[in-house]
Every structure is written in structure tokens, then in C-alpha cells.
Amino acid sequence: MPPEHSHQRRHARRLTLQKPISGGVQAGHDVQILDLSLGGARLEHTVLLRPGSTCFLRLPFKPRSLTVVGSVAWSQVVEQVAESPGSTTVLLYQSGLEFGSLGTEARARLTGFLEQMGPPHDETRRSL
């Protein structure tokens with residue numbers, strides 16, 4: 001997590017996923033969802049998400065996916081990776097997405113998913 005954000009307070013309890021789940025952001029770009037809460041998510045991806053920009057995140061819930069809207073709170077490069085052996089390298093980013101207000105159905109579905117996945121970390125260092 002970026003140190004410049006360590007002074008902010010987390011508003012919702014975060015679930016760190018044992019195994020990242022695949023999701024998507026606008027225009028069909030794939031992301032890995034590393035952390036998830038009612039307040040936001042930490043994503044890993046290869047497309048640039050600019051801090052302050054609006055982002056639509058598709059959560060692959062069953063029986064149908066859920067799309068939430070958020071604002072990119074922070075983004076940083078974590079490493080360079082090759083897309084395939086012998087190919088050019090791309091930048092791998094991690095970004096924090098802060099959700100806007102969730103509708104009743106979206107909040108209920110996200111709460112149900114978080115409860116099903118296990119107890120969240122009671123970390124209160126940063127707001128996502």
C-alpha cells in the first residue's frame with residue numbers, strides 16, 4: 001500500500017482474498033481483485049487507472065455479475081511483467097478504488113459475498 005495514504009482511515013472492514021478473483025473495469029479490461037470491502041477494493045491490473053478518475057468495476061458474482069462505480073484513490077506500478085514468454089513487458093499496477101454510494105441491492109449482494117468468503121481483516125489504516 002502506498003505510504004502516502006497511510007494516514008487515512010478505512011471506513012469499512014476489508015476482506016483480503018485468499019486467492020484473487022477476476023473482475024473487469026470499463027472497456028473490458030481484466031483486473032484481479034485483491035482486497036474487497038463495502039467501501040472499495042484493491043485491484044491489480046495492466047492498464048493505467050488515473051487517480052481521481054471514475055471507474056466501473058464488474059464483480060463476478062453468481063448468478064449474475066454486479067457492477068459498482070468508484071473513484072480511483074491511488075495507483076502505483078508494482079512490477080514489470082512479460083505478457084507471454086519472449087514477449088514485450090508491460091507494467092503491473094495496483095490501485096485502490098473507493099466505491100460511491102451503493103444501492104440497496106448492490107450493498108446486500110456485496111455484504112452477502114463478504115460474509116460468505118470469511119471474516120474480514122479488522123484493519124483501519126486506510127480508506128479504500
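The values are calculated or read from the model by the stated rules, or taken from the named source; none is laboratory data. Computed from a predicted model, the values in this text were never measured in an experiment. Every residue, glycine as well, gets a Cβ built from its backbone with ideal geometry; the counts of neighbours run over all protein chains shown.
Just a few scattered comments:
- The criterion of being in contact with a strand residue (DSSP E or B) (Cβ under 8 Å, 6 or more places away or on another chain), in contact (Cβ under 8 Å) with a residue 12 or more places away in the chain and in a loop (DSSP other than H, G, I, E, B) does not hold for Val90.
- Against the list (1) in a helix (DSSP H, G or I); (2) modelled with pLDDT of 90 or more, the condition Glu115 fails is (2).
- Hey, Leu15 in contact with a Leu (Cβ under 7 Å, 6 or more places away or on another chain), assigned to a strand (DSSP E or B) and at pLDDT below 70 or not: yes
- Taken over the range 34-68, the criterion of being of a type in the set (A, V, I, L, M) and surrounded by fewer than 20 Cβ atoms within 10 Å (Cβ to Cβ) is satisfied by Leu34, Leu38, Val47, Leu48, Leu59, Leu66.
- Scanning the range 43-87 for residues that are in a loop (DSSP other than H, G, I, E, B), touching a residue at least 12 places away in the same chain (Cβ under 8 Å) and basic (Lys, Arg) yields one hit, Arg50.
- Residues in the range 90-103 that are of a type outside the set (A, V, I, L, M, F, W, C) and modelled with pLDDT under 95: 3 in all.
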